[in-house]
Every structure is written in C-alpha cells, then in structure tokens.
Amino acid sequence: MRKALVVFLFISLYGFGQYPRWKSYFSYNTITSVYQSNDGLVYGVAGNSVFSYDPTGNEVTQITTVNGLMGDDIHVLSVIDNTMVVGYENGMMGVHNLSDGTFNLDSSIHRNLVIGGDRKTINHFYVKNNLLYLSTNYGISVYNLDENVFVESYFFGENNSPIQVNQAILLNGFIYAATEQGLYKAPQDNLNLVLESAWTKLANGQWKGLGLVGSSLMGTTQTNSQSVFYSIADDIALQLHSESGTMQSTTFSSGKMVIAFSNKVVSVDSSESVRQIATASNDLEGVSFTSALATNDAVYIGTVDNGLFQQTASETRVVSPNGPLKNDIFDLTVLPNDELWIVHGAFQRNYNPYPLNSFGLSHLNGGAWQNIPYSQLLGAKSLVSVTANPNNPSQVFVAAMHQGILELNDGVATNLWDHTNSGLESIDPEEFGENPSYRSVRVRDIAFDNEGSMWSITSFIANGLKKRMQSGTWVDVDLIPVIEKVTNPTGYSKLEISPNNEVYVGSSSSGLIGYSERNGTPLLRSLSTSQNLPSVDVRSIALDNDDNLWIGTPEGLRVLFGVSRMFTLDNVQASTIIIEEGGKVGELLSNQFITAIEVDGNNQKWVSTANAGVFLFSEDGKKTLEHFTKDNSPLPSSSIRSLAYDETTGQIYIGTPIGLVAFQGNASSPGENLSNVEVYPNPVRPGYTGKVTVRGLLADCVVKITDIVGNAVHETTSSGGSVQWNLQSFDGNRVRSGVYLIFVTNSDGTETAVEKVMIIN
C-alpha cells in the first residue's frame, strides 16, 4: 500500500512579471544555500529571495515576490531544465517555469493537518524521470512535475512515524535516504515504502548529506562538533575522513562532494581525495560561511552577512546582487533627489531599545545602493529614523535610541550629538533603577520647520521636545504639563511640523501632543481618549494637504480636522471616519494597529497596519482604493512597519520585517511647470489591463485625450501631479488600437503640453 498526502491543493498563478507596478528591494547579504544548474548558472538563496549568476557573462538575475516567490524563508532550490523548484521552511513549494514565467504554488504539505508544523520543512530535491523526490522533516514525498500533483509519501520512522530526511537519491533501482536516525535503503518499486519494514538501515548516526561523486555514493554525518565523510559501497559506509567543526551544508557538484563549515570549505573528489579549498582568511578574513559549491574553475561560498563569494585562482569577489544591508526594515525616508534611506534599528513596544543592535544604514542613491556599515557610524546603535536638512539634502540626521543624533554629510558620519556636546539629555538612571553612571539619550524622531530649525523628541525625560536653531542654540520644551509622569515611562513615536511651524508629537501614554509658538506665546496642548482618540498610545501621525492630522494608534484611526484648532478651541475633538461597505456602516480600520501613514500627491492616504497589510484611501478616507496583503500582492509580509512616499514619482515604499517593496501609485505631487510631462506605459501592449498614467502635471490641469484625427475620447482634471486613464472612451468601451494625443493645459491657460501614446490591443 502506498500512502499519499492527505491534502492535495495547489494554486496556479501566471506570469513571473504580472506585477508591473511593483519593484522589490531585497537584501542579498545573507546566503542560506547555493545551487548550480546543468546549464552552469549558479543560484543563491537569500532568505526569501533568489538570484542567479551567469559566470560566462557576469549577469545577475533577481527573483523575488514580484516574480512569484512567497516571501517566506526558502530552504531548498533546484533547477530542472527550465523549471525552478523552490521549497520553503513552512512546507510550501513553488514550481516556476523560467521560460514563460508561469508558476504553481503547491500548499499540500503546508496545509496538511496530519503533519506537525516543525515537520513540514522541505530539505532537498532529487529528480528522476520528471518525478520530484522531496526530502522533508517527516519523510519523503514524490511530486509529478508533468501533472503538478503529489503522488505518494513515505513515513518510515520507528512504528511508521515521521522521520527527518535531509537528502535522498535514487541509484540502481533503490532509494537511499540520509536521515537524522541513520542511512536507509529501500527498493524503488516496493509497494510498501510507507512502512518501516520496507526500509533497511545501513548505518546509524545523523546523516546530513548524500549524493553521487562520479559513480561513487558518498555522504556525511554530524555528531556534536565532529563531522565525518563516508563512501558507501556494497551497502557499507566506509569512513574517509573526520573533520572537527559543525557542517553548514553538503552539496554535490562538478564531480565533488563539498562540505561548508563556518570558517572553511572541504571537498572530496571521485578518487576520495580530501582537501581544503577555502578558508576564512586573506580576502575572506572574518567572514562566516553558510554554504558552498565547487565548479571546475571556482568555489562559490555563501556567507552570513557578506553575500555570495566567487573564489578563483586569481581573485575573490562578491557576485550577489546589490541591495540594502538587511531585509529587516524599521523606518524609511525618501528625499527629493532620488535617495532612499533605511534604518534597521528597533525598540520594544514600550520604547525600550534593548537589546541594542549594531546595524548600519542602507542608502539607495540614484538607483544604486551605497550602504554605510556600523563600523563607520561613530558607535551609534539602534538607529530608528532618518531626516534630511531640507535646505541641504546632503546633510542627514539619524535618531539613535541610545546615543542621541548622528549627523552625516555627503554620506560620511561627522558628528554624534548626545548629552555631552548638545542640548540633548540622558534619562535619569535613578528613576529607572540603573547604575548612577548609566547614560542613554533615546532620540526617536527628528524634523525641520520652515525656518531651518531642527526639532527632536527624546523619550523618558521631562524636556523631551528640543529645538536646535540655525544659530546652534538649543531650546527645551517642558512636556510635564501634558504627559504622565516620566517614570511611567513616556515614549514618543513621530514628529510632524505644519507649514506654520506648529509641532505635533505622538506619545505612548498621553495621546497627541501639540506645541505652538505662534505670536510668540508658547502653547502646549494634548489630545487623549476624552477627545475621541481610541487609545492614548499614538504610533503614527501625518498632516494632509488640507491641514488635517491623521492619527494612528494600536486600536484604530482618527482625524483631527483643522489641526490648528487644537490651539484655539478648549475642547477640540478627533473625528472617526464612518464608512459603508456591503450595506453595513462602520468605523474605518476599527481596532487595527496603525503603524504608518503617508499622504500622496492627490491628498490620498496610505495607511499601514501591524498585520492587515497596507491600504490606500480616498482623500476623505471613505473609499478604499487599494488594499495590499501578502496574499494578493508582492508584499513579503502583511505586517508593515513603515511607509515612505516619493513625491516626484508617486511611488510608495513599503517596509516589512522581511523585505522592502515599492508600488507605483497613481498620484505624484504637482510640479512647477509642464516641462516634465510623461506618459506610461507607452506603448500599451496587447493584454495590458491596467491604466495609463500621465504625470509631471500641475494642480488643476485640464487633460484632454483625442484620437489622431481629433475626436475626443476622455477628459479629466488633475488634483495632484498625475492623472490616470482606464483606456475607455466616453461610451465606456475600450478604445481601438492607434495613436492618441494627450493635451495638457494649466488652470489659467498659460502653459500647455502635448504627448502621444500608442495603444495596441
């Protein structure tokens, strides 16, 4: 009797490139495994993404969630002809056609209720006659690549229980399996492979690797810190070599068994000669290895933090793609000069920065990553936000939740401001039970007003709000009148400064705090649950184009319409956005944990959540224009930490704990003139079902679209820097193939622009 998996379910999705409005920005510094296909391409697995490297042309191709990957951690990869098979730690499996871009996502293992969660990991693939043999933490499963379906599974542990199989191979009519309980063998055509009795244990031990070197079967075991290499002949495992250290991987390529340790790579060839082919010295000094494979002329080494190395007789170099330092995105900032800054710091929900992390800055500049390692940041740890001087974008300030404010000029750290050399203050160690000599300057956010003064907010001190004037003078704002006692303690989330220099701060225990110096009279106000906030814990704030402040909390969303009224009215109230969906009336994002809010060029609101993805709402919030989650988009996770809107392009960057992606929105901020009007996509090719975007507009531009002979088909007015056309004429039907003219005129008729777009149906 053969036993198949209980659940047979796969999802078919088509088109590696079915997300043309999305871009991915994944890190490729942590390589978990390396694989070589029969056509000579080298594949590197970087957590939840993949890339291929062509040694002949030095070409690198990235494959990410935009191309159909799940976003979850990948454990194993194999390429059979033009088919790439991806196995995930959670049991999901992707079968990708590299020629036409189609792919299948099979969830049979992932959704199987019989197999425990920790048993679902896929460890290895072996292909024979278009049957894919999966080595898993429960046993072996067989998948038909022609029919995209599992056909059988083998649970051959003691008493037919699950058994962790690390690698398996078919040889001379037998299946050999390297397991955590020993080396096993069974006839391939045995009808009872699901039963323990059908399998013969050839050797004890924790077998990690198994494969062919030439015509010889070889394998590896691991016991404590001792690794042993074997040759298997006549069903007898003969020890070849013993090596101290813990194996990171065993691969078989180019007639060699290659074993990677954290600080060395060892190979065994068909003559059973054992030699060390790479060490963590010279060009690789201080680098920690994760995986390796050997080709005829190079060794490829995956590392923990340094990407994929190619080592030849003449040189050692990194061949993995450029990207951010880490996939763990904490906060983002977009600058108008085509720059993106990323910080990877963190703090606990109560704004405790411990354990302090020592991560650098990720910097996308002009389309290329120019990252800055921690070693060049003057010791600043737990970096949590980035702000540029609007009058000098090359001057960047980074909030550090332990050391204060880090200043960079032209990408070089030049100053670290703390309690010793600035107006910043450290927490009081006595109030927090720390050593009297302990110092911690916990700056959360930084912002500039339109007079060039730099504001910052520091948690857990009375004078948390600070202003550094252009003269260099520091001014304190005592927040005690509106906050809970400092030892509560009070942490702060975000700073927002209005065009008239009113300052708004989100706090952890006192709601929204507002400060104004209008007319020379300092005014301090607060907004709490008594003014209709759903929580006193304000995590995100954003000022829109109509002087309304959008407020995000762990329990929902509110809007303070006409935010300046906070300083003129005694009992201003925040407003709940009431929506109607499916005939039911309710509160927008009720009880959702709001993590970030951004306002686009059309005054629409991007709102991210802790577990429900990201939303795009209409200007008033009453209509949902987009809702992206891990399940319906290239988002690697539905847990969103940060957003950043590019006013120039209309692109929204979305940061998650496991990767960064960006969506090309429909809006951009109005330009200064009509010299940069552009249309995309252009041409519109057959099969395109999206919209045509016209951007580079001014506010209130009239946009008229006609066919080549002048017949009008569409007309609209811009509210921001862009408009969209659904390719339909006034009668609601899609326009015919041809060239269409786009006429743009500003509100007073003093500027015009004319563009063309070709449509091919």
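Regarding residue 314, is this residue of a type in the set (Gly, Ala, Ser), part of a loop (DSSP other than H, G, I, E, B) and either within 28 Å of residue 52 (Cβ to Cβ) or over 19 Å from the mean Cα position of the chain (by Cα) (or both)? In short, yes. Looking only at region 145-169, residues that are closer than 24 Å to residue 251 by Cα and surrounded by fewer than 24 Cβ atoms within 10 Å (Cβ to Cβ) come to 4 in all.
Buried (at least 19 other Cβ atoms within 10 Å of the Cβ) and part of a loop (DSSP other than H, G, I, E, B): does that describe residue 325? Criteria met by residue 325. If the condition is being over 26 Å from residue 362 (Cα atoms) and touching a residue at least 24 places away in the same chain (Cβ under 8 Å), then region 423-438 contributes 423, 425, 426, 427, 428, 431, 432.
Out of 191, 183, one residue alone is among the hydrophobic types (A, V, I, L, M, F, W, C), under 22 Å from residue 250 (Cβ atoms) and assigned by TED's automatic domain parsing to the domain that holds residue 296. It is 183. Residue count for region 627-650, restricted to those that are part of a strand (DSSP E or B) and touching a residue at least 24 places away in the same chain (Cβ under 8 Å): 5. Considering every residue within region 678-699, establish whether at least one is farther than 30 Å from residue 324 by Cα, touching a Phe, Trp or Tyr at 6+ places or on another chain (Cβ under 8 Å), surrounded by 15 or more Cβ atoms within 10 Å (Cβ to Cβ) and of a type outside the set (A, V, I, L, M, F, W, C). Scanning region 678-699 turns up at least one residue that is farther than 30 Å from residue 324 by Cα, touching a Phe, Trp or Tyr at 6+ places or on another chain (Cβ under 8 Å), surrounded by 15 or more Cβ atoms within 10 Å (Cβ to Cβ) and of a type outside the set (A, V, I, L, M, F, W, C). Only one entry of 191, 195 meets the criterion of being surrounded by 16 or more Cβ atoms within 10 Å (Cβ to Cβ), over 38 Å from the mean Cα position of the chain (by Cα) and of a type in the set (A, V, I, L, M, F, W, C), and that entry is 195. Here residue 493 meets the list (1) of a type in the set (S, T, N, Q); (2) part of a strand (DSSP E or B); (3) assigned by TED's automatic domain parsing to the domain that holds residue 371 almost entirely, failing just condition (3).
Within region 510-526, if we keep just the residues that are surrounded by fewer than 17 Cβ atoms within 10 Å (Cβ to Cβ) and of a type outside the set (A, V, I, L, M, F, W, C), the residue that is farthest from residue 457 (Cα to Cα) turns out to be 519.
This table checks each residue for (1) over 19 Å from residue 447 (Cα atoms); (2) at pLDDT 95 or above; (3) surrounded by 14 or more Cβ atoms within 10 Å (Cβ to Cβ); (4) within 24 Å of the chain's Cα centre (by Cα).
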| residue | (1), (2), (3), (4) |
| --- | --- |
| 391 | no, no, no, no |
| 405 | no, yes, yes, no |
| 412 | yes, yes, no, no |
| 417 | no, yes, yes, no |
| 431 | yes, no, no, no |
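The set of residues from region 543-591 being in a strand (DSSP E or B) and aromatic (Phe, Trp, Tyr) comprises just one member, 550.
Can you work out which of the residues in region 683-711 that are among the charged types (D, E, K, R) and in a strand (DSSP E or B) is nearest to residue 665 (Cα to Cα)?
695
Restricting region 222-237 to residues that are of a type in the set (A, V, I, L, M, F, W, C) and surrounded by 13 or more Cβ atoms within 10 Å (Cβ to Cβ) leaves a set whose member that is farthest from residue 173 (Cα to Cα) is 228.
The values are calculated or read from the model by the stated rules, or taken from the named source; none is laboratory data. None of these values were measured; they are calculated from a predicted model. Every residue, glycine among them, receives a Cβ derived from its backbone with ideal geometry; neighbour counts consider all protein chains shown.
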